[in-house]
């Protein structure tokens, strides 16, 4: 299952949300993935971690109306809560 293939750290959604909250602005999924890994919030055995992050966040957004994520432009994720401010 996407988002669950990890060796240690947070779930993919929690790690992505934490990085976005800390950075405070939308991020391209590749940069977001690098920050999640660099900060140690998420670890994975995936050979394609950037694709894993993109597909997991995009699927989560589409399947869950209450998802905290939004796609602000092609390949760039942000948090829905920013739209309310």
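Scan the stretch 47-71 for residues that are outside any strand (DSSP E or B), within 20 Å of residue 83 (Cβ to Cβ) and touching a helix residue (DSSP H, G or I) at 6+ places or on another chain (Cβ under 8 Å) and jot them down. If the condition is that a residue be outside any strand (DSSP E or B), within 20 Å of residue 83 (Cβ to Cβ) and touching a helix residue (DSSP H, G or I) at 6+ places or on another chain (Cβ under 8 Å), then 57, 60, 67, 68 are the ones that fit. Residue 37 meets the conditions (1) modelled with pLDDT of 95 or more; (2) in a loop (DSSP other than H, G, I, E, B) in every case but one. The failed one is (2). Among the candidates 15, 84, 30, the residue that is touching a strand residue (DSSP E or B) at 6+ places or on another chain (Cβ under 6 Å) and either modelled with pLDDT of 95 or more or surrounded by fewer than 16 Cβ atoms within 10 Å (Cβ to Cβ) (or both) is uniquely 15.
The values are calculated or read from the model by the stated rules, or taken from the named source; none is laboratory data. Computed from a predicted model, the values in this text were never measured in an experiment. No Cβ is skipped: glycine too gets one built from the backbone with ideal geometry, and neighbour counts run over all protein chains shown.
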